[in-house]
1. Report the full-extension gain for the segment Glu175 to Lys123: residue separation times 0.36 nm, less the Cα-Cα distance, to one decimal in nm.
2. For His12 and Asn49, calculate 0.36 nm times their separation in residues minus their Cα-Cα distance, and state this gained length in nm to one decimal.
3. Grab the beta carbon distance between Phe42 and Phe134, set R0 = 35 Å, and tell me the FRET efficiency rounded to 0.05.
4. In Å and whole numbers, how far do the C-alpha atoms of the range 68-139 stretch along each principal axis, longest first?
5. Using only Cα atoms, what is the ratio of the radius of gyration of the range 10-134 to 2.2 N^0.38 Å?
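Computed from the coordinates by the stated procedures, all read-outs in this text should not be read as laboratory data. Because the structure is predicted, anything quoted here is derived from the model rather than measured. Neighbour counts run over all protein chains shown; Cβ positions are idealised from the backbone, glycine included.
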Amino acid sequence: TMTDYPQSGYNHSGWLHPDGDIYYLADENHGRDLKVVSVADFSDIYVLNTFNAGSTDPNTIPHNLIIRDNYLYVSYYYDGVQVFDITDKENPERAYFYDTYPLAHDNSYEGSWGVYPLLPSGKFVVSDMQYGLFIFDALPGIVNGVETAPKELARLSIFPNPVQDQIVVDLDTEEGQRVQPTLMNIQG
């Protein structure tokens with residue numbers, strides 16, 4: 001067992017690296033980092049490193065995490081989904097993120113609750129308690145024997161930010177691509 005470790009809290013979720021010697025641990029507490037835990041020797045389990053989504057808000061909370069290929073996918077409540085490159089398994093680096101929860105952080109539990117990256121297509125899904133289900137394209141890697149790469153489907157710019165009296169929406173898409181943009185206020 002490991003009962004005393006840096007930033008300990010409510011040990012909620014974790015995932016074992018495929019090599020079997022590293023365990024990624026999420027304490028479901030406000031302001032706690034994720035942990036890289038050495039489990040190479042079960043008689044000597046300890047935290048090697050801590051990492052987080054880069055938020056300075058004290059109410060940030062990691063929740064569920066799952067590994068696929070060289071990525072650790074984390075549902076991060078108020079900070080949406082965070083994807084960390086674990087090529088260097090002891091030193092995860094944030095590679096991708098998407099904030100599913102546009103409101104301010106709070107001392108509660110709202111936002112991205114679950115992530116599932118193990119679909120055969122390589123796509124991954126994120127559930128947000130307030131804003132529903134998000135579906136994302138596969139990240140770079142090998143999916144069913146085929147190499148994938150990130151594909152930017154469209155680029156949306158909204159400015160100025162924050163909006164005052166006037167807003168400009170600029171949407172760049174592939175030629176011939178059909179889109180149906182929707183602009184909503186903070187109440188949806």
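1. 16.3 nm
2. Working: separation 37, 0.36 × 37 = 13.32 nm, distance 1.78 nm.
Going from the current span to full extension adds 11.5 nm.
3. With R0 = 35 Å, the Cβ-Cβ based efficiency is 0.40.
4. 33, 28, 14
5. 1.01
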